[in-house]
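S.K.: Sharing a structure, written as structure tokens. Questions coming.
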Amino acid sequence: MQEISSDVIRGYNDTIILFFLRKEPSYGYEISKNIRAVSDDKYLIKETTLYSAFTRLEKNGYITSFSMEADNGKRRTYYKITDQGLTYYREKCEEWRLTKDVIERFIDE
């Protein structure tokens, strides 16, 4: 099975992460697992890439983080999308539609 190159998708990691956070707060491992599942194992986000994105998103005001005890008693850092993050997510979705439209013009079927 072919995987998507991290170089190709790098500019949309934030969009992918925010996609999951729109529904409910979540933590790193769960988001990573969901990315893998939704992409049918075609995109495996590296842990360093994921946590760099969390740092960037939080610095820009798109997410907030909080600590909470998990069912197993361990404390986890959860992330929650902000209103500003939801606006950014929608902008990135529109940017993707435009990008996809342009790139498809150069794909020889």
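S.K.: Among the basic types (Lys, Arg), modelled with pLDDT of 95 or more, open to solvent by 40 Å² or more (accessible area, probe 1.4 Å) and on the phi < 0 side of the Ramachandran plot, is that true of ARG56?
M.R.: Against the criterion (among the basic types (Lys, Arg), modelled with pLDDT of 95 or more, open to solvent by 40 Å² or more (accessible area, probe 1.4 Å) and on the phi < 0 side of the Ramachandran plot), ARG56 qualifies.
S.K.: Under 8 Å between Cβ atoms, which residue pairs at least 6 apart in sequence (or on different chains) link something in the stretch 21-50 that is more than 20 Å from TYR88 (Cβ to Cβ) with a partner that is open to solvent by 50 Å² or more (accessible area, probe 1.4 Å) and basic (Lys, Arg)?
M.R.: If the second residue must be open to solvent by 50 Å² or more (accessible area, probe 1.4 Å) and basic (Lys, Arg), the pairs left are TYR27/ARG76; TYR43/ARG36; LEU44/ARG36.
S.K.: So how many residues does the stretch 1-27 have that are among the aliphatic types (A, V, I, L, M) and open to solvent by 70 Å² or more (accessible area, probe 1.4 Å)?
M.R.: Total satisfying the criteria: 3.
S.K.: Can you pull out the residues in the stretch 1-32 that are assigned to a loop (DSSP other than H, G, I, E, B) and touching a strand residue (DSSP E or B) at 6+ places or on another chain (Cβ under 7 Å)?
M.R.: ARG22, PRO25, listed by residue number.
S.K.: Is it the case that TYR88 is at pLDDT 95 or above, not in a loop (DSSP other than H, G, I, E, B) and not hydrophobic (A, V, I, L, M, F, W, C)? It would help to see each step written out before you state the result.
M.R.: Values: at pLDDT 95 or above: yes; not in a loop (DSSP other than H, G, I, E, B): yes; not hydrophobic (A, V, I, L, M, F, W, C): yes.
Yes; evaluated as a whole, the condition is true for this residue.
S.K.: Looking at the stretch 28-48 only, could you name the residues that are among the hydroxyl-bearing types (Ser, Thr, Tyr) and buried (at least 16 other Cβ atoms within 10 Å of the Cβ)?
M.R.: SER32, TYR43
The values are calculated or read from the model by the stated rules, or taken from the named source; none is laboratory data. Computed from a predicted structure; not experimentally measured. Cβ coordinates were reconstructed from backbone atoms using ideal geometry, including for glycine residues, and neighbour counts include every protein chain displayed. The protein model used for the area step is the full one, side chains on, heavy atoms only, and it has no ligands, DNA or RNA in it. Shrake-Rupley method; radii C 1.70, N 1.55, O 1.52, S 1.80 Å.
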